[in-house]
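Working notes, structure below.
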Amino acid sequence: MITGATSGLGRITALDLARRGYRLGVVARSEAKAAALLEDLRQVTDGVRADVFLADLALLAEARRVGREIAARYGRLDVLVNNAGLHAFSQRVTAEGLAEMTVVNHLAPFTLTQELTGALLASGAGRIVNVASEAARQADGITPATDLRDTAPYTRRESMARYGRTKLMTIMWTQELARRLDPGLVTVNCCDPGFNVTGLGRDLPGSAVLERVLKLLRVGDPRKGAGIIVRLATDPAFARTSGGYFSVRDAAPLPCPEAGRDERIQRELWTQSSSLLHDILPLP
């Protein structure tokens, strides 16, 4: 199951896994883009098996709904790739009253994974792969109770630190989740896919032109970033590895940036994320 599979790293990951014979599920926001992805999958392999689940992962209610829909459809899930991401260059507040970038990059995958943990456990050898970023090093600190609910405006220049903080949350959450899961049943790891020319910065003026130039110069090839995602999802070498943060460069292990390294702050992020979800999504 892959989120953010209609473009960039997620699309290349989906195509690679399809070539390897995997049955795929993709979570997509756009029905038209999902249809285009399915057509691309059919071009690379005969008899591809792929299902589309439509959801807007900027809304926690949607993340929970689609997670339950997926769990009901399959019952058992071998791999979950939380790849969908957003770099918003100005503040955007969702209908649920949260910062969109915080939701898409942390709270939505947190919610989706909670809903799918049972299906991953049913696999007996499930894997969770979370896509983080080197930008996590730009976060100068983190206060979970405040940062998860922060909807204050920010400038384009300030957006990198905000983006980095959400990706630091990805690493912190991965490592706390690893402590809560039996690695004999489900592993969870994250990766830095490096700099990639994808649609992540689509809100930046002139991004389309910049993307074309970088592609011509062969800078930021997303195939490299997709490679580490696929390795963590499929390579037997990672079958019992959990709680790791790995570089696009030869899957070298990386430390969590210091601001989020302490187990106590990672546990606090988990607690505060769970509390916020309870506030936004009361149990039925």
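The values are calculated or read from the model by the stated rules, or taken from the named source; none is laboratory data. In this text, all values refer to a predicted model and were calculated from it rather than measured experimentally. Cβ placement follows ideal geometry from the backbone for every residue including glycine, while neighbour counts extend to all protein chains displayed. Note: accessible area is taken over every heavy atom of the protein model, side chains too, but ligands, DNA and RNA are not part of it. Shrake-Rupley method; radii C 1.70, N 1.55, O 1.52, S 1.80 Å.
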Could you give the DSSP H helices of the chain that reach 15 angstrom or more along their long axis (alpha carbon positions) and whose average Kyte-Doolittle hydropathy is no lower than -1.0? 8-19, 31-44, 60-74, 108-123, 159-180, 222-234, 263-280
Could you identify which residue out of E268, E134, E39 has the top mean-square fluctuation in a GNM of the chain using Cα springs shorter than 10 Å? E39
With the other protein chains left in place, how much accessible area per residue, in square angstrom, belongs to the chain at a 1.4 angstrom probe? 46
What shape does region 1-55 take by its C-alpha gyration tensor, where a ≥ b ≥ c are the square roots of the eigenvalues and a/c under 1.5 counts as rounded, a/b above b/c as prolate, and the rest as oblate? prolate
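Could you compute the FRET efficiency for L185 and E158, with r as their C-beta to C-beta distance and R0 at 41 Å, rounded to 0.05?
Numbers: r = 41 Å, r/R0 = 1.00.
For L185 and E158, the calculated efficiency is 0.50.
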Take every DSSP beta bridge whose two residues both sit in the chain, then give the antiparallel share in percent to the nearest 5. 10
In debye to the nearest 20, how big a dipole does region 1-140 give about its Cα centre with +1 on each Lys and Arg Cβ and -1 on each Asp and Glu Cβ? 340
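Applying a 10 Å radius around every beta-carbon, put 257-264, 168-175, 84-91, 9-16 in order of their mean neighbour count, most first. All intermediate terms of the calculation are to be shown ahead of the outcome.
Values: 257-264: 14.6, 168-175: 26.5, 84-91: 21.1, 9-16: 24.8.
Highest to lowest by the protection proxy: 168-175, 9-16, 84-91, 257-264.
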Let me have the relative contact order for the chain, percent, based on Cα pairs under 8 Å that are six or more residues apart. 20
Amide H neighbours of G194 at under 5 Å, excluding residues fewer than 5 places away on the same chain, with H built from the backbone geometry, are E134, V248
Among T45, G126, G164 the positive-end extreme of the charge dipole of the chain (Cβ point charges): T45
Quick one: length gained pulling D51 to A95 fully straight, 0.36 nm per residue minus the C-alpha distance? 13.1 nm
Please give the calculated 222 nm ellipticity per residue for the chain, where each DSSP H segment of at least 4 residues contributes -39500 (n - 2.57) and the sum is spread over every residue; nearest 500 deg cm²/dmol? -14000 deg cm²/dmol
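Which percent of the accessible area of the chain is formed by carbon and sulfur heavy atoms (probe 1.4 angstrom)?
Numbers: 6580 of 13000 Å².
Here it works out to 51 percent.
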Among I142, I128, I229, residue whose mean-square fluctuation peaks in a GNM of the chain (springs only between Cα atoms under 10 Å): I142
If you compute Rg and Dmax of the Cα atoms in Å for the structure shown, which of [x] 17.6, 52; [y] 21.5, 69; [z] 24.0, 76 do you land on? [x]
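What does the charge count near T143 come to, summing +1 for each Lys or Arg and -1 for each Asp or Glu among other residues with Cβ under 12 Å from its Cβ? Before the final figure, lay out each step's value.
Details: positive: R149, R165; negative: D140, D147, D150, E268.
Net local charge, T143 excluded: -2.
Express the relative contact order of region 49-165 as a whole percentage, based on alpha carbon pairs under 8 Å and six or more residues apart in sequence. Mind showing how you got there, number by number?
Working: 162 pairs, mean separation 39.2, N = 117.
Relative contact order, region 49-165: 34 percent.
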With the contact rule set at Cα under 8 Å and sequence spacing of 6 or more, what percent relative contact order holds for region 1-78? 27
